[in-house]
1. Against the condition in contact (Cβ under 8 Å) with a residue 24 or more places away in the chain, open to solvent by less than 40 Å² (accessible area, probe 1.4 Å) and small (G, A, S), how does A20 come out, does it pass?
2. Please go through (1) at pLDDT 90 or above; (2) surrounded by 13 or more Cβ atoms within 10 Å (Cβ to Cβ) for V31 and return the number of the only condition it doesn't satisfy.
3. Applying the selection to the stretch 1-27, what residues are closer than 20 Å to I61 by Cα and not aliphatic (A, V, I, L, M)?
4. Which residue out of I8, I2 is assigned to a strand (DSSP E or B), over 20 Å from E82 (Cα atoms) and open to solvent by 80 Å² or more (accessible area, probe 1.4 Å)?
5. Residues in the stretch 36-74 that are part of a strand (DSSP E or B) and exposed (fewer than 14 other Cβ atoms within 10 Å of the Cβ): how many?
Amino acid sequence: AIDIIVQITRFSCGSRKITAIVEVTGTESGVIQLQELFSYRQQGFGADSRVAGVFRANGSIPEFYEEMRARGLPVDIGIFRESEHEHV
């Protein structure tokens, strides 16, 4: 099973953006363990007065990707390297 949480935020300008993607990695002492994979960082406002920012990988490779690779499936772990992606 792949357990992913996708968080969407509605900003004051009315736009909605995906602001985080996290993997549920298990539980420990009854506490759900999460690993953040991607996050959105607001960097002000664009010319259209809408929120502007960067969606970035946080450098963590999800456990399910390792399982896919171990099974011989073609996977690109490069998308999980810490980086800044297109301003959105």
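1. Numbers: in contact (Cβ under 8 Å) with a residue 24 or more places away in the chain: no; open to solvent by less than 40 Å² (accessible area, probe 1.4 Å): yes; small (G, A, S): yes.
It is false that A20 is in contact (Cβ under 8 Å) with a residue 24 or more places away in the chain, open to solvent by less than 40 Å² (accessible area, probe 1.4 Å) and small (G, A, S).
2. (2)
3. D3, Q7, T19, E23, T25, G26, T27 - these are the residues of the stretch 1-27 that are closer than 20 Å to I61 by Cα and not aliphatic (A, V, I, L, M).
4. Working: I2 fails: assigned to a strand (DSSP E or B).
I8 is the lone residue from the list that is assigned to a strand (DSSP E or B), over 20 Å from E82 (Cα atoms) and open to solvent by 80 Å² or more (accessible area, probe 1.4 Å).
5. Going through the stretch 36-74, the residues part of a strand (DSSP E or B) turn out to be 36-45, 51-57.
Now narrow it down to the ones that are exposed (fewer than 14 other Cβ atoms within 10 Å of the Cβ): 41-44.
Residues in the stretch 36-74 being part of a strand (DSSP E or B) and exposed (fewer than 14 other Cβ atoms within 10 Å of the Cβ): 4 in total.
The values are calculated or read from the model by the stated rules, or taken from the named source; none is laboratory data. Since the structure is predicted, the reported quantities are computational estimates derived from the model, not experimental observations. Because the Cβ atoms are built from the backbone with ideal geometry, glycine has one as well, and the counts that use them run over all protein chains shown. Heads up: the accessible areas ignore ligands, DNA and RNA and are worked out on the full protein's heavy atoms, side chains in. Shrake-Rupley method; radii C 1.70, N 1.55, O 1.52, S 1.80 Å.
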